Amino acid sequence: MASPRGKLTWLLIAIVGALTVCPVLMLLLGSFSEGLTAFGQFTTDKYVEAYTDPAFFEVMLNTTVFVLGSSTLSTVLAMFLAYLNTRTDIPFKFLFKIISIIPMMIPHLLFSVSWALLLNPSNGLINTALMQAFSLDNAPFDVYSLWGMILVEGLLDLPIAYLIIAPAMASFDVALEESSRVFGAGSWRTLVRITLPVLRPAILAAFILGVVRSLASFAVPSVLGMPGRVQVLATHLYEMISTGFATDYGKAAAVGMSVLVASVTLIVIYRALTAESERFVTIAGRGFRPTVIELRKARMPLFAVVGVLSFVLIVLPVAVLAYTSLVPYSMVPSARAFSMMSLKHWRDVLGDPISLLALKNSLFLALVGATLGVLLSIFVAYVIVKVKTRAAGVLESLSYLSFSFPGIVIGVGFMWFFVQTPLYATIWALLLGYIATYLPYGIRPMSSAFIQIHSHLEESSLVCGASPMTTMRRIIVPLLIPGIVSGWILMASMFVRELTLSVVLSRPGTEVLAVQILRFSEDGLWGRLSALGIVMIAISTTLVIAATLIGNRFKTVG
């Protein structure tokens, strides 16, 4: 007879497997099917049609340039910042922590929109200011281009690349660098010949993760690529399922399968590189103090560069949105512009039934979805950490599978899945899709919390006659409060800003904030878009602040 732990493990495997494996299987079956209404009538025509499309070669070329260019930019910038932070005497190093964390609170969609407001060729604020200042006939910059997409995506992926490279750069033995200098090598040669080769696994891991993120990116290609007619795979898929009178989900599934395979392969490579990077950690048990390079005259200029990056990543996007939400149309800041400010766009948004419905739906998905997601994460993390069986290993693999799923691709898989059920075109389809996609964000902090709870506490409760559920409720859960708060707030924030899954699954009546903001962008309603975007940022910021205060309170009580 199976033990309670064994039954729980297999129940969770069934639940998590249904959430993560089913959409992939449905995507595969859908790619061989005639269509949503003819599911099961198998054919290979969709693959032939998708991959012989004359436009597909240009889409693949654009995608390759976009993902490699943005990943290279984010990795190079991350290496530069990580080196300044860990190896030099640059002042105000707290800025590096801000750069690595705060940008994650700004939704990618709004970050992309802010750059469209600054650099679009018709009335972008920077372009307009330069044209007026230098009497130019044409805008000097056009963000609706491949280079614009690479720039914005590279800046978006910079924080993640920094979080991977900076710890690795700080954690190898300085004796290697000291030996190089003893033999006459300067700082630059030591960096190129010693430091960077040791960091190669971490650098490659950051680059590969950047490729995965840009391959799955939809916000930047939709806001900046589609107006400039620069299609990549994400927008190619979106146009297949959202434009025209007869959407072809079979063809979209066929293209999506190649994206999914590429993404899963890259994630496997990333995990291998991450594991390899741990072999290069050369800090020994003895005292460790990294060598600090004196920047001398370059100290303040380099600090100015970091300051500009901080402004571009954090202050500028929010400032541009706030300003645009108050002026009647896109105009360069001036005395006249400030005199014309009003709350008209705010009144329009708050009086728009669809925008209010989108706000209501997003709040429902954030509050209810994050609560259910964290509840599931508690049990999954418990089994992963405390039940060391092969079945627990299977559950761990299933639970982290969605990390490698590009949102719009797995959205197509969910579409095939939900259309066979009564959940199709309901808010519950979005709820399940969100939980399945972002489950790892709940499991990670919960697993860390479980690791810190000694098994003797649980064993003592069981010995005293308490049931496993009572032990979980009375002993384990109270000790997990910090992890629960972290997981809940992370999932809620993700749900508020979610776009890629939503553009596929949302239908009239189930609009969410990100989809409504995208609609405003497509219609050129920048004022309304900015007002609604500030509301989204305010919700995310409130959630983070509330979670921080609650977490600190429990730490104080503890």
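Quick rundown of the values:
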{"item": "Within region 158-186, tally of residues that are crowded, with 16+ Cβ neighbours inside 10 Å, at pLDDT below 80 and among the hydroxyl-bearing types (Ser, Thr, Tyr)", "result": "2"}
{"item": "Filter pass, Ser455 being at pLDDT 80 or above, hydroxyl-bearing (Ser, Thr, Tyr) and open to solvent by 10 Å² or more (accessible area, probe 1.4 Å)", "result": "no"}
{"item": "Residue in region 404-416 that is of a type outside the set (S, T, N, Q), closer than 16 Å to Ser506 by Cα, assigned to a helix (DSSP H, G or I) and more than 21 Å from the chain's Cα centre (by Cα) present", "result": "yes"}
{"item": "Residues satisfying the stated conditions in region 370-383, i.e. crowded, with 24+ Cβ neighbours inside 10 Å and of a type outside the set (Phe, Trp, Tyr)", "result": "Ala370, Gly373, Val374, Ser377, Val380, Ala381, Val383"}
{"item": "Close pairs from region 196-215: first open to solvent by 20 Å² or more (accessible area, probe 1.4 Å), partner among the aromatic types (Phe, Trp, Tyr) and part of a helix (DSSP H, G or I), Cβ under 7 Å, at least 6 apart", "result": "Ile208/Tyr270; Leu209/Tyr270"}
{"item": "Matching residues in region 505-522 - criterion: being in contact with a Leu (Cβ under 8 Å, 6 or more places away or on another chain) and assigned to a loop (DSSP other than H, G, I, E, B)", "result": "Ser506, Gly509, Thr510, Glu511, Val512"}
{"item": "Count - residues of region 523-551 that are over 22 Å from the mean Cα position of the chain (by Cα) and in a helix (DSSP H, G or I)", "result": "8"}
{"item": "Region 500-535: number of residues that are under 30 Å from Ser486 (Cβ atoms), touching a Pro at 6+ places or on another chain (Cβ under 9 Å) and at pLDDT below 90", "result": "1"}
{"item": "Residue list for region 476-504, filter: open to solvent by less than 10 Å² (accessible area, probe 1.4 Å), part of a helix (DSSP H, G or I) and either without any contact (Cβ under 8 Å) to a residue 24 or more places away in the chain or within 22 Å of Ile517 (Cβ to Cβ) (or both)", "result": "Met491, Ala492, Phe495, Val496, Leu501, Ser502, Val504"}
{"item": "All positions within region 69-98 that are within 21 Å of the chain's Cα centre (by Cα) and either over 15 Å from Met169 (Cβ atoms) or modelled with pLDDT under 75 (or both)", "result": "Gly69, Ser70, Ser71, Thr72, Leu73, Ser74, Lys97, Ile98"}
{"item": "Any pair with Cβ under 6 angstrom, 6 or more apart, that starts in region 385-414 at a residue that is closer than 30 Å to Lys251 by Cβ and open to solvent by less than 40 Å² (accessible area, probe 1.4 Å) and ends at one that is in a loop (DSSP other than H, G, I, E, B) and not basic (Lys, Arg)", "result": "Ile408/Phe218"}
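The values are calculated or read from the model by the stated rules, or taken from the named source; none is laboratory data. Predicted model only: the values in this text are computed from it and were never measured. Quick reminder, even Gly has a Cβ in these numbers, built from the backbone with ideal geometry, and neighbours come from all protein chains shown. Ligands, DNA and RNA are stripped out before the accessible areas are found, and what is left, the full protein with its side chains, is counted by its heavy atoms. Shrake-Rupley method; radii C 1.70, N 1.55, O 1.52, S 1.80 Å.
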